[in-house]
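The values are calculated or read from the model by the stated rules, or taken from the named source; none is laboratory data. This structure is a prediction, so every number in the text was calculated from the model and none was measured. A quick note on method: Cβ atoms are made from the backbone with ideal geometry, for glycine too, and the neighbour counts reach across all protein chains shown. Heads up: the accessible areas ignore ligands, DNA and RNA and are worked out on the full protein's heavy atoms, side chains in. Shrake-Rupley method; radii C 1.70, N 1.55, O 1.52, S 1.80 Å.
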Amino acid sequence: MTAIPLGMPAFPTAARDAVHDEVLRANLRHATHTIRDKRARAVGELADWDRLRAAGKAVKDHTLRHLDRYLVQLEDAVTASGGTVHWAADADEANRIVTALVLATGEREVLKVKSMATQEIGLNEALEAAGIAAYETDLAELIVQLGHDRPSHILVPAIHRNRAEIRDIFRAEMGSWGRPAPDGLGDDPRELAEAARLHLREKFLRAKVAVSGANFMVAETGTMVVFESEGNGRMCLTLPETLISVVGIEKVVPTFRDLEIFLQTLPRSSTAERMNPYTTMWTGTTDGDGPTAFHLVLLDNGRTDTLADAVGRQALRCIRCSACLNVCPVYERAGGHAYGSVYPGPIGAVLSPQLRGTGSEIDASLPYASTLCGACYEVCPVAIDIPEVLVHLRERVAQGGPVTREGIRVRIRPARGHTAERAAMRAARLLLDRPGALRAGERLLSRARRLRPRRLPGPGRAWTDSRDLPSPPAESFRDWWARERGDREGENR
């Protein structure tokens, strides 16, 4: 299971402060609009984008259907090339494996390549508890770490910070983590980047152990693939003596040729570039080149349970491009912290409740953190129908039913607070099954339209706090049809 921030409330409560924070909203609006506009231009350059999108979907779906076979093939290939494969059923097991591997080297510090899987399992905290310091090397992750903060975006974890805030964090915190910020540091992006470069350089040259994730794993060859924009990841992947990669089992692709698709779609959907400035690939270990020891930790942590859901499993196609966040009107206003997960935005709203279950207040509320506008589906490079999964998960939250948990089929109870919703749905079903009653209700509503309240009572009050209650039409569609057609045909429709 993935960690939830202590005391994390439901999404509406968590988002309340964010939507009233003008600085945060300005930061998010500027960043998301800039990224999505650039992405649209980059995607528009490819005449075959729709075919690439369909191909990516097909490859991921095929892999998920045969995941057992490809994971065994991957293990054999990694082992044959000099690596060691470890299997982790959950976050605790993954943390124990990585901690033991680091301690076995005798080192007490590690460098980190940007990795959502390690954030998902809380690896930094587990290493700290064992007396091991973990240093983030991605610039945005460094900002988050120095600021004692949490990531709020998949691609740009510090998207909620502006340049002045970053300058203040560097001035106040860099000295306690290593080389301090230069005197008189300003908020020019070039100055901030240079300060980070100088701060990290001594760590790159000193560290003996690095921890990474991977964007893709090739079953055919045992190759790991990391996309990045800064080069910090490549320093971590080549200089240390020991490299440990923690990767979700869904990141495997069958063949090296399959990478061709994602080498085109991922950069354009994430950083709006034709290709990433740094695409690093490695296969096991090679004498005299790179780390002398390579360990791959294959992480389940709820993924097998998600795979058992015929509708929800499409979330495992995700290649972590973040395009869905940049077009989401809810994310733009609420920010990433309100989602209570390392996976924010639309993909987090469908992925986190499946990996962690819907037992917590925050996870039961995430499927409702959407307008169902469909913008996320339109930009997804692997065609995940996020609105479909959101509706599916809403039904699970409100109605309960059979789900797979830790490989066992169980029946969960409806989440608390949905009694009125279930009652309303039952009443609607009864009414819609009886045309005569529906017709009578429509006519009664039309005649009583002058008595329409401005706000709904009870559970409906929250809905009308931010919306106008629609006025009932003067006549129903059936009556209009009968009047316009001059017959009673509409009476039976």
Exercise for the section: Add +1 for every Lys or Arg and -1 for every Asp or Glu among the other residues with Cβ under 12 Å from the Cβ of Gly441, and state the total. Expected result: +4
Problem - Cysteines not pairable in the chain (beta carbon separation under 4.7 Å absent) - result: Cys236, Cys318, Cys321, Cys328, Cys373, Cys380
Practice task
Take the alpha carbon atoms of the stretch 341-378, find their center, do the same for the stretch 266-334, and report the distance between the two centers in whole angstrom.
Solution key: 18
Practice task
Find the relative contact order for the chain and round it to a whole percent, using C-alpha pairs within less than 8 Å whose residues are 6+ positions apart.
Solution key: 19
Problem - Neighbourhood net charge (12 Å Cβ-Cβ; Lys/Arg +1, Asp/Glu -1) for Gly131 - result: -2
Exercise for the section: Could you sort out which of Lys57/Lys251; Lys112/Lys251; Lys114/Lys251; Lys208/Lys251; Lys114/Lys203; Lys112/Lys208 sit more than 21 Å apart by Cα distance in this structure? Expected result: Lys208/Lys251
Exercise for the section: Treat every Asp and Glu Cβ in the stretch 29-161 as -1 and every Lys and Arg Cβ as +1, leave all other atoms uncharged, and give the resulting dipole magnitude about the Cα centre to the nearest 20 debye. Expected result: 760
Fill in the blank from the handout: With +1 on the Cβ of every Lys and Arg and -1 on the Cβ of every Asp and Glu, the dipole magnitude of the chain about its Cα centre, in debye rounded to the nearest 20, is 2440
Exercise for the section: Would you kindly find the accessible area of Asp149, with a 1.4 Å probe and non-protein molecules such as ligands, DNA and RNA excluded, rounding to the nearest 10 Å²? Expected result: 40
Fill in the blank from the handout: Reduced to Cα centres, the span from the stretch 32-75 to the stretch 113-160 in Å works out to 26
Exercise for the section: Choose one of His20, Ile159, Met275: the residue whose Cα lies farthest towards the positive end of the charge dipole of the chain (beta-carbon charges +1 Lys, Arg; -1 Asp, Glu; about the Cα centre). Expected result: His20
Handout entry: Per-residue [θ]222 nm for the chain (sum of -39500 (n - 2.57) over DSSP H runs n ≥ 4, rounded to 500)
Key = -14500 deg cm²/dmol
Problem - Orientation-averaged projected area, Cα convex hull of the stretch 1-121 (nm²) - result: 12.9
Fill in the blank from the handout: Given unit charges at Cβ for Lys, Arg (+) and Asp, Glu (-), the dipole magnitude of the stretch 216-272 about its Cα centre in debye, nearest 20, is 100
Handout entry: Column: log10 I(q)/I(0), Debye, Cα scatterers of the stretch 169-308, q = 0.08, 0.12 Å⁻¹
Key = -0.29, -0.63
